[in-house]
Structure formats: C-alpha cells, structure tokens
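Q: One structure, as structure tokens, below. Some questions next.
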Amino acid sequence: MTTPGPHRPPPAPDSGPPARVRVTAPRTSARPSSGTYPVTREVAEHSAVGEVFVASLIRSQLRLALVVAGGFLIILIGIPVLLGLFPSIREVTVLTVPVPWLLLGLGVYPLSIACAALYVRSASRNEKRFQDLIDEG
C-alpha cells in the first residue's frame, strides 16, 4: 500500500471523475511599468507634484463656486433694483397677482435651480479633467 503525498488527499473510492481545474495564462494586456512614479502615487503620498495637482483642482473648484455665486447674487439683487428703477412695474398684475410677487416667487426658484445645475455640471467636468490628468500620468 502506498501513502499519498502530503499535499494531495487520497482518492476516494468510486468518487467519479476527477475535479476540473481551470488553467489560465498571465495577463499580457497590462502595460509594462516604465519605472516612473504614477501621478496617483504622487497624490496619495502628498508629494510636491501631488500637492500641485490637488491645489489646481481646489483653485478651479473655488473659481467656479465664486463665479456661479456671483452671477446668482447679481441677478438676485437685480430684481429689487429693477423694481426700484421702474416703479410702474409694481402696479401691474397678472391674474390678480402683482408682478413683483411673481418675479420674487416664481423667478428666484428656477434661477437657483439653474445655478445649482450649472455648478454641478461644471464641477463634475473639473473633476473629470483632474481624473483624466491623473490617469494619463
């Protein structure tokens, strides 16, 4: 009687066909490493290059926030200025509702939604550009 090897269990009597084993080849589509530091590693390790990339993203997001908020405030402040410059608008009504109320009630909400949508779309574009920059490196 022979003893099985230490890493192989003895075959069970009448256990049927042997178990199938999947054999695969190593990945060949992977890029060979070029020996340079990838940008993601630079960012993760908080190196000087990574800090420049992150600071650039923060600056672009801050610039976008200031532009959108500034535009929103200019238009929002413009409504009372418009009503102050043209007092005859105060007398106009639409279906017994004064136009200034319509401007403030129905004009501000679509404006704020439009500004929010513009900000989200532009911020996503900034982040995608940053991600593309990191993926290139």
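Q: So is ILE75 aliphatic (A, V, I, L, M), modelled with pLDDT of 80 or more and closer than 30 Å to ASP135 by Cβ or not?
A: In short, no.
Q: Now a separate question. Taking the stated definitions as given, is PRO38 surrounded by fewer than 10 Cβ atoms within 10 Å (Cβ to Cβ), modelled with pLDDT under 85 and of a type outside the set (A, V, I, L, M)?
A: no
Q: Could you grab me the full set of residues in the range 82-100 that are assigned to a helix (DSSP H, G or I) and surrounded by 12 or more Cβ atoms within 10 Å (Cβ to Cβ)?
A: If the condition is that a residue be assigned to a helix (DSSP H, G or I) and surrounded by 12 or more Cβ atoms within 10 Å (Cβ to Cβ), then LEU82, LEU83, ILE89, ARG90, VAL99, PRO100 are the ones that fit.
Q: While we're here: Would you confirm whether or not the range 104-117 contains a residue that is surrounded by fewer than 12 Cβ atoms within 10 Å (Cβ to Cβ), in a loop (DSSP other than H, G, I, E, B) and modelled with pLDDT of 85 or more?
A: So far as the range 104-117 goes, no, none of its residues is surrounded by fewer than 12 Cβ atoms within 10 Å (Cβ to Cβ), in a loop (DSSP other than H, G, I, E, B) and modelled with pLDDT of 85 or more.
Q: What is the residue count in the range 61-81 for residues that are exposed (fewer than 13 other Cβ atoms within 10 Å of the Cβ) and more than 31 Å from the chain's Cα centre (by Cα)?
A: Residues meeting the conditions: 3.
The values are calculated or read from the model by the stated rules, or taken from the named source; none is laboratory data. Keep in mind that what you see is a predicted model, and the values were worked out from it rather than measured. Positions of Cβ are generated from backbone atoms using ideal geometry, with glycine treated the same way; all protein chains shown enter the neighbour counts.
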